[in-house]
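The values are calculated or read from the model by the stated rules, or taken from the named source; none is laboratory data. All values derive from a computational prediction rather than experimental measurement. All Cβ positions, glycine included, derive from the backbone under ideal geometry; neighbour counts span all protein chains shown.
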């Protein structure tokens, strides 16, 4: 089934190989994930549980927070846990949204994204996922977040500046948005690159 929204997975796929992104976004052909991808997903889930469990206890001591869809951030509180952000053909999952005070009183408070990874170091793909999540969040709150965080294995939290990289993101997003409007009849050509074994 064709995707109706661009996700971080599709954007990262496009950065690795336009053909892969085309197949995920525009066709039913999903392929078989590499075993290494399964291992990373298992580690990510473990790290998410370790990081989010104490936050869940603070936010709602008697309830386990389940993922929920967000179109509007009014009245959401200091922390928003397990949020799926959706707006105008874009969808991003965020483990935690943290409210930050604005330096100017005219803009009011806004949120910054935190995603949890399954690795001990931060990859370019994880940085791109965080950047995309920040962009989608910015569309909802009408203000792009300046920074975001990635939680590595072991609970190490790294803050990354997002603001300088939104222009790079737009160059990747534009062709994908065009594909959503009018799907090309032919997929992009096969280009061998270092991602191919995955």
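Criterion first (buried (at least 18 other Cβ atoms within 10 Å of the Cβ) and assigned to a loop (DSSP other than H, G, I, E, B)) does residue 145 satisfy it? Yes: the conditions hold for residue 145.
So that you can scan it fast, the table gives a plain yes or no per residue for (1) out of contact with any helix residue (DSSP H, G or I) (no Cβ under 8 Å at 6 or more places or on another chain); (2) crowded, with 18+ Cβ neighbours inside 10 Å; (3) modelled with pLDDT of 85 or more; (4) outside any helix (DSSP H, G or I):
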{"residue": "20", "(1), (2), (3), (4)": "no, yes, no, no"}
{"residue": "28", "(1), (2), (3), (4)": "yes, no, no, yes"}
{"residue": "43", "(1), (2), (3), (4)": "no, no, yes, no"}
{"residue": "53", "(1), (2), (3), (4)": "yes, no, no, no"}
{"residue": "74", "(1), (2), (3), (4)": "yes, no, no, yes"}
{"residue": "84", "(1), (2), (3), (4)": "yes, no, yes, yes"}
{"residue": "99", "(1), (2), (3), (4)": "yes, no, yes, yes"}
{"residue": "104", "(1), (2), (3), (4)": "yes, no, no, yes"}
{"residue": "107", "(1), (2), (3), (4)": "yes, no, no, yes"}
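The residues in the stretch 148-167 that are surrounded by 14 or more Cβ atoms within 10 Å (Cβ to Cβ) and under 16 Å from residue 116 (Cβ atoms) can be counted, and the count is 8. Inclusion of residue 13 among residues that are in a helix (DSSP H, G or I), at pLDDT below 80 and within 21 Å of residue 150 (Cα to Cα) is not warranted. Remark: pairs (first residue in the stretch 70-88, touching a residue at least 24 places away in the same chain (Cβ under 8 Å) and on the phi > 0 side of the Ramachandran plot; second residue buried (at least 19 other Cβ atoms within 10 Å of the Cβ) and in a strand (DSSP E or B); Cβ separation under 7 Å; 6+ apart in sequence or on different chains) = 82/95.
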